[in-house]
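A quick write-up on the structure given underneath.
Just so you know, all these numbers are worked out from the coordinates, no wet-lab data involved. Because the structure is a prediction, the values reported are computed rather than measured. All Cβ positions, even for glycine, are placed from backbone atoms using ideal geometry, and neighbour counts span all protein chains on display.
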Amino acid sequence: MNFRYLPMTEEDQKEMLQFLGISSVDELFADIPDEIKLNRRLQIPEALSEPEAVKYFSRLAKKNVNSDDYIYFLGAGIYDHYIPSTVNHVISRSEFYTAYTPYQPEISQGELQAIFEFQTMICELTGMDAANSSMYDGPTALAEAANLACGVTRKKKVVISKAVHPQSRAILQVNANGQGYDVVEVDIKNGLTDLEALDQAVDQDTAAVIVQYPNFLGSIEDLAAIEKIAHKHKGLFVVSSNPLSLGVLKPPGEFAADIVVGEAQPFGIPMQFGGPSCGYFAVRNKYMRKIPGRIVGQTTDEDGKRGFVLTLQAREQHIRREKATSNICSNQALNALAASVAMTALGKRGVQEVAIQNIQKAHYAKQAINQLEGYEVVFDAPTFNEFVIKAPKPVSEINSALLKRGIVGGYDLGRDYKELSQHILLAVTEARTKEEIDLLVQGLGEI
Amino acid sequence: MIKQKEKALIFEMSRPGRAAYDLPDCDVPETKLEELIPSHLIRQTPAELPEVSELDLMRHYTELSNRNHGIDSGFYPLGSCTMKYNPKINEDVARYPGFAKIHPYQSEETVQGALEVLYNLQTELAEITGMDEVTLQPAAGAQGEWSALMMIRAYHESRGENRTKVIVPDSAHGTNPASAAVAGLDTITIPSDEHGLVDVEELKKAVGPDTAALMLTNPNTLGLFEEHIVEIAKVVHEAGGLLYYDGANANAILGITRPGDMGFDVVHLNLHKTFTGPHGGGGPGAGPVGVKKILAPFLPRPQVVKVGDHFKLNHDIPQSIGRVKAFFGNFGILLRAFVYIRSNGPDGLLKVSQDAVLNANYMMRKLQPYFDLPYDRVCKHEFVLSGRRQKKLGVRTLDIAKRLLDFGFHPPTIYFPLIVEECMMIEPTETESKETLDAFINTMIQIAKEAEESPEIVLEAPHDTVVSRLDEVSAARKPILRYTPNHEASANPSNKETVKA
Ligand SMILES: Cc1ncc(COP(=O)(O)O)c(C=O)c1O
């Protein structure tokens, strides 16, 4: 057995020990009290050689149903999209993936420029002024937006629509418990945030109103109407948005959103069991110096040449320590790079085309399922690439039957919404063909 | 010296009509967009994303990668970050369709392989850290800290105690106090003693009925093992507080000692460091948290459990703090770390720590004659030097760092920990050969000589990089955070196309 990652030979070790004037490595651990030394081998499985590891992990991987072999209509926050081949080739360049945070800008211009471009693309899509270099994921970005809003307004209530992703709301609640603010959830009506209820919930104490666009149920919220309510009492208007949908939907920035957050997974990031993905965080200029996390800025070098650096660091934990308003340090930079490559590959026309195909295909599926006996599209709100259907049987039963037909069915909304038991959230992306959609429809019809 | 040209931004390379993607035509009957979406919600001005060909795209990012230094490019002794070699098999495994192309909401029986990875990783990390249970949800070290502090809060609250103070040594990483703040807890910073260790007398003064926890990094950020840890644990526990282990620096202890045995109640690990994540240019990472039994009731939901031969998700954790991160954390990174653990086994992990510590001590002693060594004692996986001596000659640690760039080395972490003047924090890791260590040592010695004999060489460094030193002050004063196209185009909105339905 070789330890192929460990270059130290016996000869090396001997020379180094000799130089240090000691006879064994153990002496370097003499400062660890004996009573806390392990003094036994770790009880973990023995090392696998490379070929053994390949075998072992291939076998484990094969136990998982995956989108190479099955047709996916499952979304609810993570989607099966077309990933241009270029993405994996770029992020596999080890100058990128084996580097860390670009603390030394002179030898990190590649990463810094790529992130500067990412920030620009996020601003373009969202219609916002400034964006950071990434957050852990969409839901944690949303919670950080709420923290920011409470910080700048010094108010202690956050109003969020129940049509926001249940996991985002769950994470927000933990943040609120930590920071000591209240979260008020607003009901859903016909697949959209109930505007009357929202209006009643928002008051002088409201730091932020948070909605999702398109929302968790797939419906496209009317941001124009919500913005009026959100800003009525000088709270911040926070929108969590699928950036791919913004190829077609009017960006939240044009509805005077103060903070836009979301999940860049639809751009070039595989589903990977939900992570790592890539949160984004964008604001109006007014809040630029309150953004959490790393930000890249443009500057010049001593010869006046353009270059890029990490900037506005006075916001960050390593400077502010206990006065910091966010603790994020490592982020999701490599996935921001993946998203940038995908956004570049698609480009100005591609994001529109992909977004439109999502709308068309989802619409086609929605219409077809609506005609099936026993199934019903329950909301008439406009949708992007997801929609809700009421099913004649428990969702788990339907999904097991679909699985046998090589289809991974939709999300069981009864898990999060009592009133929506036997309701399925289906996702139809550009990656689905008409033939695949027809198979789904046929399958549903025959169950 | 060759003058390098400015690199164009991808936006500046854009030409209308070019594309680097290819989709089949829409194969379903199409409906007019206006019939599907209210017109006031339809985008009128397209996002100005670049339009380039596939070759343009690859050349652009290849050129960017050539302007970036990674571990595969050269030595990267960035202290506290554990920049060790990132095994390639980890990257391959993470890309297997059975791992990369699976959805987090698939039913449990369709993802048994993935759940098995998570369950075994939980179990093996518990053994490595000496803890009882592990959550894999946190996305990075800082999130692990915050999750753990939320659990500590919940624990004290469940016992009807109001404990709001978190004690951290002045050598602590910035995320420690920041995580405390985000968890709604107050920080008390205590000074280190003259040996760079926790000052136990100061600790005794700081603890009390309001102590929630002591957060400690061990080996600490100076690379020194807190040899009074058993007493420290006693002091904190007797005051009713808990002991938190910042395991970002675990590379010195694998198979040698365990936080659980040292008396810690909770620990986070940075899998992107000790367990070869990789670092990704700043992330993604993974920051699992291990806890002793007393904290297990407060773990985030859900936990992966094994029932017979079956792996399941347990959501039934009534006192759980809730959810801290979507889905199962950064699964792809967790998987890579698991491959690494399995590739090393118990003997490999032990040798990792032994070699890392031997390398660090070797370098420290080799450099000692040339730089100030503030803490003259055996170190663990890393050590700190001070550039005090060179500063007197007008050469600062920043200059030394920049001079290292000329030799193809990534500099050490500088100006951290805050308690060491002109600090350089050097972590060689176990994956570097003796030749590399010697080459770095010789370069550092050369720079020390230059500081005495020809300081301008150091002060003007770097000489060979694609840009020279950058103006960070202007960058922060007048921030330019995005590319804006030249103004003729953007000032006249009527020039812009509208979205085609
Ligand atoms: C000692 C220490 N603690 C905590 C952290 C924070 O970890 P992360 O960057 O993964 O959030 C780091 C690394 O940056 C560290 O070195």
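Histogrammed with a bin width of 10 Å, the alpha carbon distances of region B:253-386 distribute as 10, 28, 35, 18, 7, 2, 0 percent, first bin at zero. Sorted from longest to shortest, the spans of the Cα atoms of region A:116-267 along the three principal axes equal 38, 33, 26 Å.
Here the dipole of the protein assembly as shown is about 1200 debye; that uses its Cα centre as origin and unit charges on the Cβ of Lys and Arg (positive) and Asp and Glu (negative). For chain B, pairs of C-alpha atoms spaced more than 33 angstrom apart make up 50 percent of the total. If R0 is 51 Å, the Cβ-Cβ spacing of A:VAL378 and B:THR62 corresponds to a FRET efficiency of close to 0.55.
The loop-placed trypsin sites (Lys or Arg not before Pro) in region A:7-76, going by DSSP, that have at most 11 neighbouring Cβ atoms within 10 Å of their Cβ come out as A:ARG40. Computed across region B:103-189, the Kirkwood radius stands at 15.2 Å (inverse of mean 1/r, all Cα pairs). Note: relative contact order over chain A, using C-alpha pairs below 8 Å and six or more positions apart, is 20 percent. Sequence-distant contacts, meaning Cα pairs under 8 Å at least 6 residues apart, place the relative contact order of chain B at 19 percent. The residues neighbouring B:THR164, those whose beta-carbon lies less than 15 Å from its own, together hold a net charge of -1 under the Lys/Arg +1, Asp/Glu -1 convention.
Taking only alpha carbon atoms, region A:85-340 gives an Rg to Rh ratio of 0.97, where Rh is the Kirkwood radius.
A Förster distance of 35 Å, applied to the separation of the beta-carbon atoms of B:LEU393 and B:ASP170, puts the FRET efficiency at 0.80.
Of the cross-linked pairs A:LYS250/B:LYS5; B:LYS293/B:LYS325; A:LYS157/A:LYS286; A:LYS228/A:LYS290; A:LYS157/B:LYS165; A:LYS390/B:LYS312, those separated by over 32 Å at the C-alpha level are A:LYS250/B:LYS5. Counting only alpha carbon atoms, the long axis of helix A:395-404 and the longest principal axis of chain A meet at about 70°. In this structure, the amide hydrogen of A:ASP182, modeled 1.01 Å from its nitrogen in the peptide plane, lies closer than 5 angstrom to those of A:LYS157, A:VAL158, counting only residues at least 5 positions away or on a different chain. In nm, give the distance between the simple-model label positions of A:GLU435 and A:GLU196, each being 7 Å from the Cα along the Cα-to-Cβ direction. Distance between label points: 5.0 nm.
The trypsin sites (Lys or Arg not before Pro) found in region B:122-204 that occupy coil by DSSP, while having at most 13 further C-beta atoms within 10 Å, are B:ARG159. The mean count of C-beta atoms from other chains within 10 Å of the C-beta of residues in A:167-175, rounded to a whole number, is 5.
Note on region A:10-55: Rg/Rh from C-alpha atoms, Kirkwood Rh, equals 1.16. Principal-axis analysis of the Cα atoms of chain A puts helix A:166-179 at an angle of about 60° to the longest axis. Computed on region A:233-298, the Cα convex hull volume stands at 132 Å³ per residue.
Using Cα-only point scatterers and the Debye equation, what is log10 of I(q)/I(0) for region B:140-212 at each q in 0.22, 0.25 Å⁻¹, rounded to two decimals? Rounded to two decimals, the profile gives -0.98, -1.13. Under the combined filter of DSSP loop state and at most 10 neighbouring Cβ atoms within 10 Å, region B:365-425 retains none of its GluC sites (Glu not before Pro). Exposed loop sites, defined as GluC sites (Glu not before Pro) outside DSSP H, G, I, E and B with at most 15 other Cβ atoms within 10 Å, are absent from the longest region of chain A, namely A:47-301. Taking label positions 7 Å along the Cα-Cβ direction at both A:GLN43 and A:LYS232, the computed distance is 6.2 nm, reported to one decimal. Net charge of the neighbourhood of B:CYS81, taken over other residues with C-beta under 9 Å away and scored Lys/Arg +1, Asp/Glu -1, is 0. Ordering B:LYS293, B:LYS351 from the fewest to the most neighbouring beta carbons within 10 Å gives B:LYS293, B:LYS351.
The convex hull drawn around the Cα atoms of region B:325-476, when projected onto a plane and averaged over every direction, covers 12.5 nm². So what is log10(I(q)/I(0)) for chain A at q = 0.05, 0.10, 0.13 1/Å, when the Debye sum runs over its Cα atoms only? Log10 I(q)/I(0), no solvent term: -0.23, -0.81, -1.18. A quarter of the convex hull surface defined by the alpha-carbon atoms of region A:279-408 gives 14.1 nm² as the mean projection.
Computed from the C-beta positions of B:GLU109 and A:SER58 and an R0 of 22 Å, the FRET efficiency is 0.65 to the nearest 0.05. Please name whichever of B:ALA212, B:VAL236, B:LEU295 sits farthest to the positive end of the charge dipole of chain B, dipole taken about the Cα centre and charges placed at Cβ: Lys and Arg +1, Asp and Glu -1. Selected residue: B:ALA212. A Cα-only calculation for region B:129-329 places Rg and Dmax at 16.2, 54 Å. Here the relative contact order of region B:136-199, from alpha carbon pairs under 8 Å that lie six or more residues apart, stands at 31 percent. Counting only Cα atoms, region B:28-176 measures 62, 47, 39 Å along its principal axes, largest extent leading.
Projected label points at A:ARG405 and A:GLN367, each 7 Å from Cα along the beta carbon direction, are separated by 2.0 nanometres.
How many percent of the alpha carbon pairs in the protein assembly as shown exceed a separation of 51 Å? That fraction is 15 percent. Per the Kirkwood formula applied to alpha carbons, region A:175-232 shows a radius of gyration over Rh ratio, Rg over Rh, of 0.97.
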